[in-house]
Amino acid sequence: MPRIARIQRKTKETQIELELNLDGGAYVNKTGVGFFDHMLDHVARHGRLGLTVTSTGDLHIDDHHTVEDVGIVLGQALDKALGDKKGIERYGFASVPMDEALARVSVDLSGRSALVFAAPLDKGEKIGTFDVQLVREFLTAFSQAGKFNCHVEVPTGINLHHVSEAIFKGLGRALRQAVAITGTEVPSTKGTL
């Protein structure tokens, strides 16, 4: 059975169409936020996920609503595509170097949301026009709507582009591991996630 979800979300701030295929496919991300598209491409590529995102929004204000709302919709799609979660690995982790930066990302597709974020991206700095604080905003929205635990720690890193890229690549690799079908039962002693 294909593990695909299609979600549309329309608010006064953004209009988003998203398709997620947990078992692979092409990726085309057009949010209007170039750096963010680049990061979504890394999640798809390194997660071996099919991901198509089309978004329009109030970018004349800033990128915040678009990035946050894409996180919400991607989380909803992940939750929907996982279905009853029978047979998934559930846990995934990755340690990804990007030049001087190192990001460690761990996920648990537990049905419960938590984000622990220890990365040097909270000081209001920018990568081009992209506010680095939006990395945390995206991950918060994604993990809440996707109902999963996400731990991100960056023990080393100076270049904020490298730090961000390592995080998003690590997220993709951790998700690839966690969504993999490796069994036949729900991976929980409770019998449900």
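The values are calculated or read from the model by the stated rules, or taken from the named source; none is laboratory data. The shown structure was predicted, so the numbers you read here are calculated from the model rather than taken from an experiment. Neighbour counts are summed over all protein chains in view; Cβ atoms, including those assigned to glycine, are modelled from backbone coordinates with ideal geometry.
Close Cβ contacts (under 6 Å, 6 or more residues apart or on different chains) running from residues in the range 90-102 that are more than 14 Å from VAL154 (Cα to Cα) to residues that are assigned to a loop (DSSP other than H, G, I, E, B) and of a type in the set (A, V, I, L, M) comprise ARG90/LEU109.
So for the range 90-103 (the condition being of a type in the set (A, V, I, L, M), surrounded by 23 or more Cβ atoms within 10 Å (Cβ to Cβ) and closer than 28 Å to THR184 by Cα), does at least one residue qualify? Scanning the range 90-103, I find no residue that is of a type in the set (A, V, I, L, M), surrounded by 23 or more Cβ atoms within 10 Å (Cβ to Cβ) and closer than 28 Å to THR184 by Cα, so the answer is no.
Within the range 170-178, identify whether any single residue is of a type in the set (Lys, Arg), outside any strand (DSSP E or B), surrounded by 18 or more Cβ atoms within 10 Å (Cβ to Cβ) and modelled with pLDDT of 95 or more, and answer yes or no. Yes, the range 170-178 contains at least one residue that is of a type in the set (Lys, Arg), outside any strand (DSSP E or B), surrounded by 18 or more Cβ atoms within 10 Å (Cβ to Cβ) and modelled with pLDDT of 95 or more. Is it fair to say LYS126 is under 21 Å from LEU20 (Cβ atoms), of a type in the set (Lys, Arg) and at pLDDT 95 or above? No.
A Cβ distance below 6 Å, combined with a sequence gap of six or more or placement on separate chains, defines the contacts here; from the range 115-142, residues that are under 22 Å from LEU59 (Cβ atoms) reach residues that are modelled with pLDDT of 95 or more and aromatic (Phe, Trp, Tyr) in the pairs ILE127/PHE35; GLY128/PHE35; PHE130/PHE35; ARG136/PHE117.
When THR140, THR182 are screened for being surrounded by fewer than 17 Cβ atoms within 10 Å (Cβ to Cβ) and β-branched (Val, Ile, Thr), only THR182 passes.
Kindly indicate which of LYS85, LYS80 is among the charged types (D, E, K, R), outside any loop (DSSP other than H, G, I, E, B) and under 18 Å from VAL186 (Cβ atoms). Answer to the check: LYS80. Each residue in the range 50-68 was checked for being closer than 17 Å to HIS38 by Cα and either touching a residue at least 40 places away in the same chain (Cβ under 8 Å) or in contact with a Pro (Cβ under 9 Å, 6 or more places away or on another chain) (or both), and 8 of them qualify.
Of a type in the set (S, T, N, Q), over 14 Å from the mean Cα position of the chain (by Cα) and within 29 Å of THR129 (Cβ to Cβ): does that describe THR52? When the stated conditions are applied, THR52 does not pass them. Can you say whether LEU109 is farther than 20 Å from GLY47 by Cβ, buried (at least 16 other Cβ atoms within 10 Å of the Cβ), out of contact with any Gly (no Cβ under 7 Å at 6 or more places or on another chain) and at pLDDT 95 or above, as far as the supplied structure shows? No, not satisfied.
Being buried (at least 18 other Cβ atoms within 10 Å of the Cβ) and either closer than 17 Å to SER143 by Cβ or not β-branched (Val, Ile, Thr) (or both) is a property that does not hold for LEU59.
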